[in-house]
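A quick write-up on the structure given underneath.
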Amino acid sequence: MFRIESIARRFLFLGLFLSVTLGVRAQAGTTPDPLTTISRGSLRSILAPRHDLKLSSPAAGVVEKLYVSEGSRVATGDALLSLDSQQETAEVAQAQATLRGIEAEYERAASELTRAEALFRDKILADKQYEEYRGSALVLKSRRDHARATLELAQARLNNRTVRSPIDGICLKLQKSIGEAVERFEPIATVIDASVLRLTIYSDARLLGVFALGQTMTIEVQPSAQKTVRVPGKLIHADPIIDSSGTFRLIIEIIPSDDAIAGLPATLVLPATATARNK
């Protein structure tokens, strides 16, 4: 009973506090801007890299080699790490040997078929003999195509043992070391592209249709508690509709600088035209 009365007193005190606070604001005439006070969503977020990719391996295995260190720059296609691949390497070698043998047989059969076609046109070779040459070449061609597909499959399995960067950027993190086991599709590396930063904010209907794609926006960045700077940005995406949360998304790209780097808090500064339109 005492606990219930205590909770009730707290709510009563909170109600009185809010009533006094709102009364003081009303008397002072300091009503909040209806545009900048977003009831759903927020004009404030964190600057993020344009790409922040968590990479995984389509195959399981043990890390055999690391090709880069954390923080190093990588280009598209660069190997980051590879898994043990003795079995896959042997499968590729076996498939290559099989293909070479079948290709040699097919080339011989194709040459014999060419001679048989000349004899058949001159009425020297019987129909049955010609069909035997032709059938033999077709069978070997089919075996050659199958051997090629087998080699491609073996090569794909071998390629899956190496994780490569899909973008130009920075290898931010490696979650595994040499000798550690890796499961299929387990995140094992993070690659980012911070050459361009993105600010993603969510606003309610008050800003829907206010801005145009490609429009220059002003972003307020806070590099430290004592410093705030404004940098330009470009609107690259705006959701055309309000989603189920009652908000829509705006994505703004910013060129990084000494004051604007990934991870800093930033706020969209609404232009005067937008404020006037929504009054």
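One table, with the values for the structure above:
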read-out	value
Qualifying residue in region 203-220 (condition: in contact with a Ser or Thr (Cβ under 9 Å, 6 or more places away or on another chain), at pLDDT 95 or above and not assigned by TED's automatic domain parsing to the domain that holds GLU64)	yes
Elements of type strands (runs of 3 or more DSSP E) in region 145-241, at least 2 residues being among the small types (Gly, Ala, Ser) and in contact with a strand residue (DSSP E or B) (Cβ under 9 Å, 6 or more places away or on another chain)	187-203, 227-238
Residue check for GLN175: under 30 Å from ASP259 (Cα atoms) and surrounded by 14 or more Cβ atoms within 10 Å (Cβ to Cβ)	yes
Test: residue in region 206-215 that is crowded, with 18+ Cβ neighbours inside 10 Å and under 18 Å from the mean Cα position of the chain (by Cα)	no
Failed item in (1) among the charged types (D, E, K, R); (2) in contact (Cβ under 8 Å) with a residue 24 or more places away in the chain; (3) farther than 30 Å from ASP78 by Cβ, with ARG148 passing the rest	(3)
Residue within region 79-100 that is under 30 Å from ARG50 (Cβ atoms), assigned to a loop (DSSP other than H, G, I, E, B) and within 23 Å of the chain's Cα centre (by Cα) present	no
Residues (buried (at least 16 other Cβ atoms within 10 Å of the Cβ), more than 14 Å from the chain's Cα centre (by Cα) and under 19 Å from SER72 (Cα atoms)) located in region 178-193	ILE188
Whichever residue in region 227-248 is in contact (Cβ under 8 Å) with a residue 40 or more places away in the chain and surrounded by 15 or more Cβ atoms within 10 Å (Cβ to Cβ) and, among such residues, is nearest to PRO49 (Cα to Cα)	PHE248
Given (1) closer than 25 Å to SER177 by Cα; (2) surrounded by 15 or more Cβ atoms within 10 Å (Cβ to Cβ); (3) free of Cβ contacts under 8 Å to residues at least 60 places away in the same chain, index of the condition LEU99 fails	(1)
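The rows are residues; the columns are (1) within 30 Å of THR200 (Cβ to Cβ); (2) buried (at least 18 other Cβ atoms within 10 Å of the Cβ).
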{"position": "HIS51", "(1), (2)": "yes, no"}
{"position": "VAL63", "(1), (2)": "no, yes"}
{"position": "LEU66", "(1), (2)": "no, no"}
{"position": "GLU70", "(1), (2)": "yes, no"}
{"position": "ALA79", "(1), (2)": "no, no"}
{"position": "ALA93", "(1), (2)": "no, no"}
{"position": "ASP127", "(1), (2)": "no, no"}
{"position": "HIS146", "(1), (2)": "no, no"}
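The values are calculated or read from the model by the stated rules, or taken from the named source; none is laboratory data. Note that the coordinates shown come from a computational prediction; the quantities given were computed from them, not determined experimentally. Neighbour counts are summed over all protein chains in view; Cβ atoms, including those assigned to glycine, are modelled from backbone coordinates with ideal geometry.
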